[in-house]
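Here's the structure we're looking at; comments come further down.
The values are calculated or read from the model by the stated rules, or taken from the named source; none is laboratory data. This structure is a prediction, so every number in the text was calculated from the model and none was measured. Glycine gets a Cβ as well: all are built from the backbone with ideal geometry, and neighbour counts include every protein chain shown.
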Amino acid sequence: MKILVTGGAGFIGSAVVRYLQSHTQHYVVNLDKLTYAGNLESIPESLQNEHYSFEQVDICDAVALDKVFNIHQPDVVMHLAAESHVDRSIDGPGDFIQTNVVGTYTLLEASRKYWMRLSGDKKSTFRFHHISTDEVYGDLPHPDEVEDELPLFTETTPYAPSSPYSASKASSDHLVRAWLRTYGLPTVVTNCSNNYGPYHFPEKLIPHVILNALSGKNLPVYGDGSQIRDWLYVEDHARALVKVATEGKVGETYNIGGHNEKRNIEVVKTICALLEELVPAKPQGVNAYEDLITYVKDRPGHDVRYAIDANKIAHDLGWEPEETFETGMRKTVQWYLDNPEWWQRVLSGDYQLHRIGENA
Ligand code: NAD
């Protein structure tokens, strides 16, 4: 099969590309605009082989998308390209509406025009897989506030997004469902919890804390750190996504989670404990990594708890996460310790030299 992955230079998209290239025979077309979040160095050169092509294209560019569909004739589209950082969406929502809403619409139209021209098996097996977030459901009661059994997000939880980011993703989910219902485009949607793991861009909580701790800088924690997130190891997620894209049922939604509900402060303290064990020689002036924790003003509209019920994908498609929070966090911290050249080139900006027009 030929799989077109949008956002394949991003954190989760690159994990999907690495998984497809190392565990399957499928041909991968990686389509990415290479924004600040896109990094082709997240795909080892050995995997950028004869089963792989890269197209630097903006999903808002209808003409360029038509060209890619005509040249590559994909069997499946896995749509991960997005603006993904909540804080950036609060500071500047425009890019989020443009890429996540207008871009998804433009990609749906390009896919629909292409799909309408197909015939036979190629038409009946075509899939458009939209990758989304559990943040579309809003937030859930926190254990500090309720004594009853705590609810989880299921595939039928009503949408109630809180941030410009989650509202833009909710809009894109609705567009995808409308293209199924109105035009019959064979779509499938997944909504997942917070991912973590190798090649995570340093602006996100876990890599930010690891890298700040290694250089003796403060470890900022929003509010009192009691917000709860369900953490999913990115390689478990990539495996789930390929399963859904190739075996999922048209019209269905699958929630994907790691069964790892943790308070943000627990996440930061886990990283500190792992670093105490793995890097006992600390930066000058630091007695304990935990001493670097600094509580900062909470994010506006901050959701208090997310938690996913992932029973449907387990039951229907036989997917379960392989990593626990403890094993996944250990692998993640070790990966950052073993791969300083990757994150140093991100921090210096050199990773962007791959972008067209900036490459000598
Ligand atoms: P990311 O920000 O790391 O990567 C996004 C990728 O999309 C980048 O490579 C970027 O260059 C590309 N991109 C951005 N705008 C584009 C455009 N206009 N045209 C083409 N490419 C463009 O994001 P991620 O963390 O890998 O997330 C991937 C998907 O998964 C997103 O749709 C996100 O909403 C969803 N998601 C992420 C998480 C998470 O924890 N990271 C959780 C739930 C859902």
Residues of the range 12-46 being closer than 17 Å to Q352 by Cα, out of contact with any Pro (no Cβ under 9 Å at 6 or more places or on another chain) and more than 8 Å from the ligand (Cβ to nearest atom), which ones? N30, L40, E41, I43, P44, E45
Unmet criterion (only one of (1) touching a helix residue (DSSP H, G or I) at 6+ places or on another chain (Cβ under 7 Å); (2) under 20 Å from N255 (Cα atoms)) for N194: (1)
Residue that is farthest from Y36 (Cα to Cα) [pool: residues in the range 47-102 that are of a type outside the set (A, V, I, L, M, F, W, C), more than 8 Å from the ligand (Cβ to nearest atom) and in a strand (DSSP E or B)]: Y52
Against the conditions (1) in contact (Cβ under 8 Å) with a residue 24 or more places away in the chain; (2) surrounded by 13 or more Cβ atoms within 10 Å (Cβ to Cβ), where does T294 fall short? Just the number, please. (2)
Would you mind telling me which numbered condition in (1) closer than 21 Å to F11 by Cα; (2) at pLDDT 95 or above G120 fails? (1)
Which residue pairs have Cβ atoms closer than 6 Å, lie 6 or more positions apart in sequence or on different chains, and pair a first residue in the range 234-249 that is charged (D, E, K, R) with a second residue that is surrounded by fewer than 24 Cβ atoms within 10 Å (Cβ to Cβ) and in a helix (DSSP H, G or I)? K243/L317; E247/L317
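Is it the case that some residue within the range 115-135 is part of a helix (DSSP H, G or I), within 15 Å of the ligand (Cβ to nearest atom) and either over 26 Å from M1 (Cβ atoms) or touching a strand residue (DSSP E or B) at 6+ places or on another chain (Cβ under 6 Å) (or both)? Quick ask: steps written out before the conclusion?
Of all residues in the range 115-135, those part of a helix (DSSP H, G or I) come to 115-117, 120-125, 134-135.
The next check asks that each one be within 15 Å of the ligand (Cβ to nearest atom); those that pass are 134-135.
Next cut, either over 26 Å from M1 (Cβ atoms) or touching a strand residue (DSSP E or B) at 6+ places or on another chain (Cβ under 6 Å) (or both) only: 134-135.
Yes, the range 115-135 has at least one match.
Rundown of residues vs (1) surrounded by 12 or more Cβ atoms within 10 Å (Cβ to Cβ); (2) over 18 Å from F11 (Cβ atoms); (3) hydrophobic (A, V, I, L, M, F, W, C), yes/no style:
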position: G318; (1), (2), (3): no, yes, no
position: E326; (1), (2), (3): no, yes, no
position: R330; (1), (2), (3): yes, yes, no
position: W335; (1), (2), (3): yes, no, yes
position: D338; (1), (2), (3): no, no, no
position: W343; (1), (2), (3): yes, no, yes
position: Q352; (1), (2), (3): yes, no, no
Subset of the range 198-236 that is under 20 Å from G13 (Cα atoms) and among the hydrophobic types (A, V, I, L, M, F, W, C) - its residue that is nearest to the ligand (Cβ to nearest atom): F201
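Restricting to the range 289-312, what's the tally of residues that are part of a loop (DSSP other than H, G, I, E, B) and in contact with a Lys or Arg (Cβ under 8 Å, 6 or more places away or on another chain)?
Applying the first criterion (part of a loop (DSSP other than H, G, I, E, B)) to the range 289-312 yields 297-304, 306-307, 309-310.
If we keep only those that are in contact with a Lys or Arg (Cβ under 8 Å, 6 or more places away or on another chain) too, we end up with 306.
Selection size over the range 289-312: 1.
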The range 178-197, subset away from the ligand (no atom under 16 Å from the Cβ) and touching a strand residue (DSSP E or B) at 6+ places or on another chain (Cβ under 9 Å), residue farthest from N264 (Cα to Cα): L185
